[in-house]
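The values are calculated or read from the model by the stated rules, or taken from the named source; none is laboratory data. Quantities reported herein were computed from a predicted structural model and do not represent experimental measurements. With ideal geometry, Cβ positions are generated from the backbone for all residues, glycine too; neighbour counts draw on all protein chains shown.
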Amino acid sequence: MVEKDVYPIGRLDKDSEGLTILTNDTSFNAALLHPTNKHKRTYMVQVDNDINEKSIQQISQGVEIKLDNGTYKTRPCIVKKLQKPPVLPERNPPVRFRQNIPTSWALIELTEGKNRQVRKMFAAVGFPVLRLVRVQIEDLKLGKLEPGKHYTIQKEELIKLLHITPESLKPKAARKPHPLKIKAKAKPNSAKTSSKFNPNIKKKK
């Protein structure tokens, strides 16, 4: 049973996987997600075909993508082609496989998060995304966290890992925080990091 008023900070679309922070402390939202704060998110990206250095450079310098309110030029970011696939749990369902078309992997680190931005960035240079896994937010890492699992982290440690200043966490004079309960009990003012590898995973009740 999930405690009331527990929400993810940021989002992963239904086809994406990886690190998600769950908390009932709403002060983290603006501190972490506001564009002016420029917090780093890191993703492993599997794409159709063998991505080339020219395309890597284009993405790193910024490309134009389409948003609901028009065209947007992405900010410069860090992009690297991976020489071998990363070690990740199998995806369920698996990505499509085409025998005559290779795939390749890249790592991208960016400080903004428009709707489906990473997918649109790679598509803009002709390399559709097959798999997208968020592996890090600032110094908070996914590590070996298995699909659907979580661990509890205290507020003070989370502030340190996310490079958030305590002053930026403006407390709301609202309700008393609830303990987090996502498959297990947690302490007040703590947050959970979870792994969202299977979009079809159901919470236990």
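Examine the range 61-79 for a residue that is at pLDDT 95 or above and of a type in the set (Phe, Trp, Tyr), and state whether such a residue exists. Yes; the residues of the range 61-79 include at least one that is at pLDDT 95 or above and of a type in the set (Phe, Trp, Tyr). A Cβ distance below 9 Å, combined with a sequence gap of six or more or placement on separate chains, defines the contacts here; from the range 89-111, residues that are without any contact (Cβ under 8 Å) to a residue 24 or more places away in the chain and over 23 Å from THR74 (Cβ atoms) reach residues that are hydroxyl-bearing (Ser, Thr, Tyr) and in a strand (DSSP E or B) in the pairs PHE97/THR103. When the range 110-138 is filtered for residues that are touching a helix residue (DSSP H, G or I) at 6+ places or on another chain (Cβ under 8 Å), buried (at least 21 other Cβ atoms within 10 Å of the Cβ) and farther than 9 Å from ILE65 by Cβ, the ones remaining, listed by number, are LEU110, PHE122, PHE127, VAL129, LEU132, ILE137. Please pick out the residue among ASN37, ASN49, ASN29 that is in contact with a helix residue (DSSP H, G or I) (Cβ under 8 Å, 6 or more places away or on another chain) and surrounded by fewer than 18 Cβ atoms within 10 Å (Cβ to Cβ). Answer to the selection: ASN37.
Within the set SER104, SER16, SER60, the sole residue that is within 19 Å of LEU142 (Cβ to Cβ), touching a strand residue (DSSP E or B) at 6+ places or on another chain (Cβ under 7 Å), crowded, with 18+ Cβ neighbours inside 10 Å and of a type in the set (S, T, N, Q) turns out to be SER16. Among residues that are in contact with a Pro (Cβ under 7 Å, 6 or more places away or on another chain), touching a residue at least 60 places away in the same chain (Cβ under 8 Å) and of a type in the set (Val, Ile, Thr), VAL63 is not included. Residue count for the range 67-122, restricted to those that are of a type in the set (S, T, N, Q) and under 13 Å from ASP48 (Cα atoms): 4.
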